[in-house]
Amino acid sequence: MTNIATAVFANGCFWCTEAIFENLEGVKKVTPGYTGGYIRNPKYREVCDEQTGHAEAVEILFDSTKIDYSILLEVFFETHNPTTLNRQGKDVGTQYRSEIFYANQAQHKLAQDAIIAANESGAWEDSIVTAVSNLETFYEAEDYHKDYFSRVGNEDSYCTYVITPKIEKFKKKFREYLKKS
């Protein structure tokens with residue numbers, strides 16, 4: 001019996017999302033990719049041009065005995081703005097939407113409950129626009145997107161001004177869930 005489960009989230013640029021979730025204890029692998037669209041084997045340029053209906057997303061393989069799906073949902077909501085439709089900061093387009101792709105009915109229920117809790121928390125002035133959808137097919141992104149932040153880091157201005165501050169904020173808020181060095 002395996003304790004490895006899958007979570008798939010779309011919450012803006014997958015470089016940011018990958019860089020955050022790979023820091024969590026119990027997370028085994030984070031893969032950037034595309035899901036939620038209507039063509040097979042989408043490519044980055046097609047997704048960016050909004051020709052496929054896909055979102056930039058991450059597939060997270062995690063050990064459910066070390067980290068709970070509900071914690072992943074909490075990190076998901078705390079590390080992006082779930083109240084802006086098809087936008088995260090200056091990244092604009094349907095590929096940057098906020099969406100949870102559930103792998104089973106338990107995840108579906110937890111995702112719906114997390115949206116209700118997020119709306120009731122008062123953390124955001126506007127209502128949550130995060131969609132909840134059944135995970136159908138996840139397509140891995142091209143290799144040059146994988147481990148982008150760990151490979152490029154602050155040599156890229158996007159990483160310097162967007163990803164690094166996001167990771168610093170995340171690490172303060174979720175320090176008890178971080179991987180031990």
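Any read-out appearing in this document is the output of simple, stated calculations on the displayed coordinates, not a laboratory observation. The shown structure was predicted, so the numbers you read here are calculated from the model rather than taken from an experiment. Here Cβ is always computed from backbone atoms with ideal geometry, including for glycine, and neighbour counts include all displayed protein chains.
Before moving on, here are some points about what is shown:
- Antiparallel %, DSSP beta bridges [both residues in region 4-177], to 5: 85 percent
- Working from label points 7 Å from Cα in the Cα-to-Cβ sense, the residue 164 to residue 121 distance is 2.7 nm.
- Rounded to the nearest whole Hz, the Karplus-based 3J(HN,Hα) values (6.51 cos²θ - 1.76 cosθ + 1.60, θ = phi - 60°) of region 119-125 follow the sequence 5, 7, 5, x, 5, 10, 6, with x at glycine and proline.
- The gain in end-to-end length when the residue 179 to residue 51 segment is fully stretched comes to 42.3 nm, 0.36 nm per residue minus the alpha carbon separation.
- Shape call, region 1-50: gyration tensor on alpha carbons, a/c limit 1.5: oblate
- Cα gyration tensor shape for region 83-154, rounded if a/c is under 1.5, else prolate or oblate: oblate
- Distance between modelled label sites at residue 29 and residue 64, nm, 7 Å Cα→Cβ extension: 1.8 nm
- The residues neighbouring residue 29, those whose beta-carbon lies less than 14 Å from its own, together hold a net charge of -3 under the Lys/Arg +1, Asp/Glu -1 convention.
- Excluding same-chain neighbours fewer than eight residues apart, the lysines reachable from residue 66 by a Cα-Cα span under 17 Å are 28, 29, 179, 180.
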